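Notes follow once the structure below has been shown.
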Amino acid sequence: MNILSKIKIFLFYFFGTGFYTGYSPLASGTIATILTASIIYFFNFSDLIILISIHFLFVIGLISSNYLKNIHGNDPYIVTIDEVVGFLIAILFLPKTIFFIIIGFIFFRFFDIVKPPPANYFDNLKSSHGIMLDDVVAGIYTNIILQMINYFYK
């Protein structure tokens, strides 16, 4: 195996596992969401940076989750880049305060676990699109609720 192949495989695992959070023995999706929430809170990225990151990580997520599912089976537990993208969507265009991050975390994990329609449809696709899109939907649902809270909170 040449060096470029090794780098490619490293990147698939690095990004696909949500910066290695997918290797957490318990609740890897929750750990990926906590890491993402912490990075957003401590670095206070602008919405433009978050929006660009969503697009970049979604495409990387499709590629890396497709590679990893072919090795580890459909929707492998180690793939957590979907939680990273989903939580970035959840907090987009909102204040990056501890209040919104914690409430966003709670709602996002709820929607990611319960998978109300159409998230459950995407979850059943058993493809890289399905892996990514159920968390995108959870992020959108969370963002809508947080936008309403933000509107009435002001």
Count of residues meeting criterion [in contact (Cβ under 8 Å) with a residue 24 or more places away in the chain and aromatic (Phe, Trp, Tyr)] in segment 115-142: 1
What are the pairs with Cβ atoms under 7 angstrom where one residue, in segment 73-87, is among the small types (Gly, Ala, Ser) and the other, located anywhere, is crowded, with 24+ Cβ neighbours inside 10 Å? Sequence gap at least six, or different chains. 86/108; 86/112; 86/135; 86/138; 86/139
With the requirement that a residue be modelled with pLDDT of 95 or more, more than 14 Å from residue 144 (Cα to Cα) and of a type outside the set (A, V, I, L, M, F, W, C), what does segment 73-117 give you? 80, 82, 83, 96, 97, 109, 112, 115, 116, 117
So, residue 12, is that one without any contact (Cβ under 8 Å) to a residue 60 or more places away in the chain, buried (at least 18 other Cβ atoms within 10 Å of the Cβ), of a type outside the set (Asp, Glu) and over 22 Å from residue 100 (Cα atoms) or not? yes
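I need the helices (runs of 4 or more DSSP H) fully contained in segment 1-106, keeping only those with at least 1 residues that are within 18 Å of residue 131 (Cα to Cα) and among the basic types (Lys, Arg).
47-72
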Any hit, segment 50-64, residues being surrounded by 23 or more Cβ atoms within 10 Å (Cβ to Cβ), closer than 20 Å to residue 20 by Cβ and of a type in the set (S, T, N, Q): yes
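The values are calculated or read from the model by the stated rules, or taken from the named source; none is laboratory data. The shown structure was predicted, so the numbers you read here are calculated from the model rather than taken from an experiment. Every residue, glycine among them, receives a Cβ derived from its backbone with ideal geometry; neighbour counts consider all protein chains shown.
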